[in-house]
Amino acid sequence: MKKNKVEIKENKFKSYNLVNPITKIKVDKIRIAYIGAFRYKNIIKYLIRSCSNYKNKVVLNFYGDGESEIIKEITLASNLFDNIYYHGAFSNPESLEKIYGENNLNFVAYDNKKENEKVALPNKFYESGYFNIPIVCSSNTYVGEKVLELKIGWVIDPTYRGIDCFIKELTIKDIIDIHIRQTNLNKEIFEET
(Lines give C-alpha, C1' and ligand atoms only; values in the text may rest on other atoms or scores of the structure.)
Protein backbone atom coordinates (compact mmCIF):
# COMPACT_ATOMS: atom_id res chain seq x y z
CA MET A 1 0.00 0.00 0.00
CA LYS A 2 1.36 3.41 -1.00
CA LYS A 3 1.60 5.96 1.79
CA ASN A 4 0.18 9.37 1.01
CA LYS A 5 1.97 12.46 2.15
CA VAL A 6 -0.04 14.88 4.19
CA GLU A 7 0.83 18.54 4.47
CA ILE A 8 -0.76 20.63 7.19
CA LYS A 9 -0.81 24.36 6.44
CA GLU A 10 -2.25 27.39 8.16
CA ASN A 11 -5.27 28.84 6.42
CA LYS A 12 -3.57 32.18 5.86
CA PHE A 13 -5.28 35.05 4.11
CA LYS A 14 -4.94 35.23 0.32
CA SER A 15 -5.11 38.79 -1.00
CA TYR A 16 -4.67 37.82 -4.68
CA ASN A 17 -3.28 41.38 -5.02
CA LEU A 18 -6.88 42.62 -4.91
CA VAL A 19 -6.82 44.23 -1.45
CA ASN A 20 -4.36 46.02 0.81
CA PRO A 21 -3.84 46.46 4.55
CA ILE A 22 -5.65 49.37 6.23
CA THR A 23 -3.14 52.01 7.28
CA LYS A 24 -5.58 54.50 8.83
CA ILE A 25 -8.67 53.46 10.78
CA LYS A 26 -11.85 55.36 11.57
CA VAL A 27 -11.76 56.84 15.08
CA ASP A 28 -15.12 58.59 15.44
CA LYS A 29 -16.72 55.64 17.28
CA ILE A 30 -16.04 52.03 18.12
CA ARG A 31 -17.02 50.33 14.86
CA ILE A 32 -17.54 46.60 15.41
CA ALA A 33 -17.64 44.23 12.45
CA TYR A 34 -19.17 40.75 12.62
CA ILE A 35 -18.05 39.19 9.34
CA GLY A 36 -18.90 35.81 7.85
CA ALA A 37 -21.24 33.00 8.81
CA PHE A 38 -23.71 33.84 11.57
CA ARG A 39 -23.67 30.66 13.69
CA TYR A 40 -23.69 31.59 17.35
CA LYS A 41 -27.21 32.83 17.98
CA ASN A 42 -26.85 33.60 21.69
CA ILE A 43 -23.53 35.39 21.29
CA ILE A 44 -25.01 37.48 18.46
CA LYS A 45 -28.01 38.33 20.67
CA TYR A 46 -25.67 39.36 23.50
CA LEU A 47 -23.63 41.51 21.12
CA ILE A 48 -26.74 43.22 19.74
CA ARG A 49 -28.14 43.81 23.22
CA SER A 50 -24.90 45.31 24.46
CA CYS A 51 -24.31 47.52 21.42
CA SER A 52 -27.89 48.81 21.59
CA ASN A 53 -27.02 50.18 25.05
CA TYR A 54 -24.10 52.27 23.73
CA LYS A 55 -25.64 54.09 20.76
CA ASN A 56 -23.42 57.16 21.13
CA LYS A 57 -20.24 55.10 21.44
CA VAL A 58 -20.66 52.04 19.18
CA VAL A 59 -21.65 51.11 15.62
CA LEU A 60 -22.27 47.41 14.94
CA ASN A 61 -22.04 46.12 11.35
CA PHE A 62 -23.00 42.62 10.22
CA TYR A 63 -21.63 41.28 6.91
CA GLY A 64 -22.50 37.78 5.78
CA ASP A 65 -25.24 35.22 6.03
CA GLY A 66 -26.58 32.46 8.24
CA GLU A 67 -29.65 30.65 9.49
CA SER A 68 -32.92 32.45 8.79
CA GLU A 69 -33.67 32.75 12.52
CA ILE A 70 -30.41 34.61 13.13
CA ILE A 71 -30.92 36.79 10.05
CA LYS A 72 -34.36 37.76 11.39
CA GLU A 73 -32.77 38.73 14.73
CA ILE A 74 -30.11 40.86 13.00
CA THR A 75 -32.62 42.46 10.62
CA LEU A 76 -34.97 43.29 13.50
CA ALA A 77 -32.11 44.89 15.43
CA SER A 78 -31.05 46.93 12.40
CA ASN A 79 -34.62 48.23 12.12
CA LEU A 80 -34.92 49.01 15.85
CA PHE A 81 -31.53 50.58 16.56
CA ASP A 82 -29.86 53.34 14.54
CA ASN A 83 -26.36 52.08 15.39
CA ILE A 84 -26.82 48.49 14.11
CA TYR A 85 -26.64 47.59 10.41
CA TYR A 86 -27.00 44.45 8.32
CA HIS A 87 -25.15 44.62 5.00
CA GLY A 88 -25.80 41.10 3.68
CA ALA A 89 -23.48 38.76 1.83
CA PHE A 90 -20.18 39.94 0.36
CA SER A 91 -17.46 38.88 -2.08
CA ASN A 92 -14.26 37.44 -0.63
CA PRO A 93 -11.61 38.84 -0.92
CA GLU A 94 -12.75 41.72 -3.14
CA SER A 95 -15.07 43.32 -0.54
CA LEU A 96 -12.86 42.79 2.50
CA GLU A 97 -10.70 45.92 2.28
CA LYS A 98 -13.84 48.07 2.15
CA ILE A 99 -15.48 46.13 4.99
CA TYR A 100 -12.44 46.29 7.27
CA GLY A 101 -11.91 49.93 6.32
CA GLU A 102 -15.38 50.82 7.60
CA ASN A 103 -14.68 49.22 10.98
CA ASN A 104 -12.04 49.33 13.68
CA LEU A 105 -12.77 46.12 15.64
CA ASN A 106 -13.33 42.58 14.36
CA PHE A 107 -15.68 40.57 16.63
CA VAL A 108 -14.65 36.91 16.49
CA ALA A 109 -15.92 35.69 19.87
CA TYR A 110 -17.23 32.18 19.22
CA ASP A 111 -18.69 29.52 21.51
CA ASN A 112 -15.70 28.46 23.59
CA LYS A 113 -17.49 25.40 24.97
CA LYS A 114 -17.30 23.64 21.58
CA GLU A 115 -14.22 21.51 20.97
CA ASN A 116 -13.52 22.76 17.44
CA GLU A 117 -13.81 26.40 18.48
CA LYS A 118 -11.33 25.81 21.32
CA VAL A 119 -8.57 24.74 18.92
CA ALA A 120 -9.43 26.49 15.65
CA LEU A 121 -7.47 29.36 14.18
CA PRO A 122 -10.22 30.97 12.07
CA ASN A 123 -9.56 32.93 8.91
CA LYS A 124 -10.80 36.06 10.71
CA PHE A 125 -7.59 35.92 12.78
CA TYR A 126 -5.52 36.16 9.60
CA GLU A 127 -7.78 38.83 8.08
CA SER A 128 -7.57 41.01 11.21
CA GLY A 129 -3.79 40.73 11.20
CA TYR A 130 -3.50 41.41 7.49
CA PHE A 131 -5.89 44.40 7.49
CA ASN A 132 -4.52 45.84 10.79
CA ILE A 133 -7.91 45.74 12.50
CA PRO A 134 -7.88 44.78 16.18
CA ILE A 135 -9.71 41.55 17.03
CA VAL A 136 -11.72 40.39 20.02
CA CYS A 137 -12.19 36.66 20.50
CA SER A 138 -13.25 34.20 23.17
CA SER A 139 -11.18 33.28 26.19
CA ASN A 140 -9.99 29.68 26.61
CA THR A 141 -9.31 29.26 22.87
CA TYR A 142 -6.17 28.79 20.80
CA VAL A 143 -7.00 31.86 18.72
CA GLY A 144 -7.27 33.84 21.95
CA GLU A 145 -3.79 32.68 22.96
CA LYS A 146 -2.39 33.78 19.56
CA VAL A 147 -4.16 37.16 19.75
CA LEU A 148 -2.64 37.85 23.17
CA GLU A 149 0.77 36.53 22.13
CA LEU A 150 0.89 38.88 19.13
CA LYS A 151 -0.84 41.70 21.06
CA ILE A 152 -3.37 42.29 18.27
CA GLY A 153 -6.54 42.34 20.34
CA TRP A 154 -8.43 41.06 23.35
CA VAL A 155 -10.09 37.96 24.73
CA ILE A 156 -13.46 38.00 26.46
CA ASP A 157 -15.94 35.64 28.02
CA PRO A 158 -18.59 35.26 25.25
CA THR A 159 -21.50 35.86 27.66
CA TYR A 160 -23.67 38.95 27.82
CA ARG A 161 -21.79 40.15 30.87
CA GLY A 162 -18.39 39.51 29.27
CA ILE A 163 -19.33 41.28 26.04
CA ASP A 164 -20.99 44.20 27.79
CA CYS A 165 -18.10 44.77 30.23
CA PHE A 166 -15.64 44.71 27.34
CA ILE A 167 -17.59 47.25 25.25
CA LYS A 168 -18.23 49.47 28.26
CA GLU A 169 -14.51 49.63 29.13
CA LEU A 170 -13.11 49.79 25.57
CA THR A 171 -11.81 53.13 24.30
CA ILE A 172 -10.81 54.45 20.89
CA LYS A 173 -7.29 54.89 22.28
CA ASP A 174 -7.16 51.15 23.08
CA ILE A 175 -8.12 50.39 19.48
CA ILE A 176 -5.63 52.87 18.01
CA ASP A 177 -2.79 51.42 20.12
CA ILE A 178 -3.47 47.88 18.85
CA HIS A 179 -3.89 49.11 15.25
CA ILE A 180 -0.50 50.84 15.36
CA ARG A 181 1.12 47.69 16.75
CA GLN A 182 -0.48 45.64 13.95
CA THR A 183 0.80 47.94 11.21
CA ASN A 184 4.35 47.14 12.35
CA LEU A 185 3.92 43.36 12.21
CA ASN A 186 5.30 41.34 9.31
CA LYS A 187 2.32 40.51 7.07
CA GLU A 188 3.86 37.12 6.27
CA ILE A 189 2.46 35.99 9.64
CA PHE A 190 -1.05 36.44 8.22
CA GLU A 191 -0.84 36.33 4.41
CA GLU A 192 -0.04 33.38 2.19
CA THR A 193 2.79 34.37 -0.12
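The values are calculated or read from the model by the stated rules, or taken from the named source; none is laboratory data. Keep in mind the model is a prediction, meaning the values are calculated, not measured. In this analysis, Cβ positions are derived from the backbone assuming ideal geometry, glycine residues included, and neighbour counts consider all displayed protein chains.
All of Arg39, Arg49, Arg31 fail the test of being at pLDDT below 95 and either over 23 Å from Asn112 (Cβ atoms) or out of contact with any Pro (no Cβ under 8 Å at 6 or more places or on another chain) (or both), apart from Arg39. For the range 21-38, residues that are touching a residue at least 40 places away in the same chain (Cβ under 8 Å) and under 23 Å from Leu121 (Cβ atoms) total 7. Contact annotation: residue pairs with Cβ atoms under 9 Å, 6 or more positions apart or on different chains, pairing a residue in the range 50-64 that is among the charged types (D, E, K, R) with a partner that is part of a loop (DSSP other than H, G, I, E, B), are Lys55/Phe81; Lys55/Asp82; Lys55/Asn83; Lys57/Lys29; Lys57/Asn83; Lys57/Leu170. Tyr142 passes every criterion in (1) in contact with a helix residue (DSSP H, G or I) (Cβ under 9 Å, 6 or more places away or on another chain); (2) surrounded by fewer than 16 Cβ atoms within 10 Å (Cβ to Cβ); (3) within 28 Å of Tyr54 (Cα to Cα) apart from (3). With respect to being exposed (fewer than 13 other Cβ atoms within 10 Å of the Cβ), touching a residue at least 60 places away in the same chain (Cβ under 8 Å) and not β-branched (Val, Ile, Thr), Asn103 falls outside the description.
Could you tell me whether any residue of the range 146-167 is assigned to a loop (DSSP other than H, G, I, E, B), among the small types (Gly, Ala, Ser) and modelled with pLDDT of 95 or more? No, the range 146-167 contains no residue that is assigned to a loop (DSSP other than H, G, I, E, B), among the small types (Gly, Ala, Ser) and modelled with pLDDT of 95 or more.
Residues checked against (1) in contact with a Ser or Thr (Cβ under 7 Å, 6 or more places away or on another chain); (2) among the polar types (S, T, N, Q):
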residue: Glu115; (1), (2): no, no
residue: Phe125; (1), (2): no, no
residue: Ile133; (1), (2): no, no
residue: Asn140; (1), (2): no, yes
residue: Leu150; (1), (2): no, no
residue: Val155; (1), (2): yes, no
residue: Ile189; (1), (2): no, no
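Being over 15 Å from the mean Cα position of the chain (by Cα) and surrounded by fewer than 19 Cβ atoms within 10 Å (Cβ to Cβ) is a property that Asn186 has.
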